[in-house]
1. Would you order 225, 231 from fewest to most other beta-carbon atoms within 10 Å of each residue's own beta-carbon?
2. Suppose the chain between residue 100 and residue 3 were pulled fully straight at 0.36 nm per residue; how much longer would it get relative to their current alpha carbon spacing?
3. Label segment 159-247 by shape, choosing from rounded, prolate and oblate, from the square roots a ≥ b ≥ c of the eigenvalues of the Cα gyration tensor; if a/c is under 1.5 it is rounded, and otherwise prolate applies when a/b is larger than b/c, oblate when it is not.
4. With r defined as the distance between the Cβ atoms of residue 193 and residue 126 and R0 fixed at 30 Å, what FRET efficiency is calculated, to the nearest 0.05?
5. Modelling each spin label as a point 7 Å along the Cα-to-Cβ direction, I'd like the residue 19/residue 117 distance in nm, to one decimal.
6. Which value in nm describes the separation of the simple spin-label points at residue 202 and residue 241, placed 7 Å from the Cα toward the beta carbon?
């Protein structure tokens, strides 16, 4: 089985942040892979047109977009992290017992923390610092997710829980749970009553451990975290798209 850390190779090296041409090629290869999977759907007939329109089929690819500044460092990291977490879950659930899993995840968390320290020491131009900081923030979220999923939550329960496939857009699913948790805005000074008493990290674990997306892929921690972030309302489904609560 592939070592999960293989997918994070190079993220603590200067070249990962300075070689913008390589990151662009890497990210576009990711887009092409997704495009190949869904090219017959959504009236998408030409990848070149897809790039020109500055977006990719959102139902299948989520937040993957063509940026205006041409820097795809963060997008490349997100894809690598997705593969890293997918491999971690397969290895933890198939190869290891509960006690060994906890030790294994603790080791991985320590390695990720060391990666953060190494990234912080890279000498970068000032204009590249924001991309470094975003990668570090996502690494920190990844560490929290690993601990919440594999250590604080019972592994056996998570392992035996069948995954429910959500056939709509992921942000609609996350928005539904957010609205149940925080109450749904119904206009000026009008809001439904919250129906869930929980914490953000608990909702993240619930969605990640129990749902897969329309393609049958696991939900990603970075995307779900953004959807459930109270300071990022633009990430959630809007009126007319979201599921309306009628109570």
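1. Numbers: 225 23, 231 7.
Fewest to most other Cβ atoms nearby, the residues stand as 231, 225.
2. Details: separation 97, 0.36 × 97 = 34.92 nm, distance 1.61 nm.
Difference between extended and current length: 33.3 nm.
3. Values: a/c = 1.85, a/b = 1.62, b/c = 1.14.
Prolate, since a/c reaches 1.5 and a/b exceeds b/c.
4. On the way: r = 47 Å, r/R0 = 1.58.
With a Förster radius of 30 Å, E is 0.05.
5. Label at residue 19, label at residue 117, 2.6 nm between them.
6. Result: 2.9 nm between the two label points.
Read the figures in this text as sums done on the coordinates, not as results from a lab. Everything quoted here is computed from the prediction, not taken from an experiment. For neighbour counting, all protein chains shown are included, and Cβ atoms are generated from backbone atoms with ideal geometry for every residue, glycine included.
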